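Please read the structure below before turning to the comments.
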Amino acid sequence: MPRSSHALATLPVHPGSVPINALVPVAGTVLGDILKDVPSAKIDDIEFVRTVAVARITMPESMVRLSAGRESMPDSTQALCFMAGANSIFTGDKLLTTGNAGDDRDAALFAKLGIVPMRVEQAHLEAAE
C-alpha cells in the first residue's frame, strides 16, 4: 500500500473524500520539465486501478474520487476504476491548472457504463450524514 494511502487508512476517522491523482507533468514546472520526455513517469493503468481498489478496501466509507490525469486516461481505465471502487469524479473542463475530461465526455462515458450521477442535493445530504 502506498505510504499516503496507509496514512489515510489508519486515521481514527477516514476522510470524507480521497482524491486519486495520476501525475500530469506541467511544462514550465520543475517536475514537469524533468519528466516531459520520460515515458516511465506515467503510472501504469493497472497500477492506477489497483490504487483505487486499495483506497476503496481500506477506506470503505470515503468517497474515492478520480481526479487529475483523467484527461489522458482511456475510457477502459476509468471504467476499471469504477469497478474497483471509485465512486466520484471531478468534472468540468479544467481541474486546477490542467485540463479535465469535460462534461460532455463524462456524460458519454457514464452513459456507456450505465452510471447515473447523483443529483447535487442527494450528494449534499449523504455528505452530511
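The values are calculated or read from the model by the stated rules, or taken from the named source; none is laboratory data. Since the structure is predicted, the reported quantities are computational estimates derived from the model, not experimental observations. A quick note on method: Cβ atoms are made from the backbone with ideal geometry, for glycine too, and the neighbour counts reach across all protein chains shown.
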Exercise. Can you find a residue in region 31-46 that is touching a residue at least 40 places away in the same chain (Cβ under 8 Å), within 22 Å of Asn87 (Cβ to Cβ) and either aromatic (Phe, Trp, Tyr) or assigned to a helix (DSSP H, G or I) (or both)?
Worked result: no
Exercise. Ser76 versus (1) modelled with pLDDT of 90 or more; (2) part of a loop (DSSP other than H, G, I, E, B); (3) not aliphatic (A, V, I, L, M): which is the lone unmet condition?
Worked result: (2)
Problem set entry | When residues of region 97-116 are limited to those that are acidic (Asp, Glu) and within 16 Å of the chain's Cα centre (by Cα), the one modelled with the lowest pLDDT | Asp103
Exercise. Taking region 62-73 on its own, how many of its residues are under 10 Å from the mean Cα position of the chain (by Cα) and part of a helix (DSSP H, G or I)?
Worked result: 1
Exercise. Going by the conditions given, is Val24 more than 12 Å from Gly69 (Cβ to Cβ) and not acidic (Asp, Glu)?
Worked result: no
Problem set entry | Filter result for the condition that a residue is within 16 Å of Cys81 (Cα to Cα), in contact (Cβ under 8 Å) with a residue 12 or more places away in the chain and either of a type outside the set (Val, Ile, Thr) or surrounded by fewer than 15 Cβ atoms within 10 Å (Cβ to Cβ) (or both), over Ala9, Ala68 | Ala68
Exercise. If you go through region 50-59 one residue at a time, do you hit one that is part of a loop (DSSP other than H, G, I, E, B) and within 21 Å of Ile115 (Cβ to Cβ)?
Worked result: yes
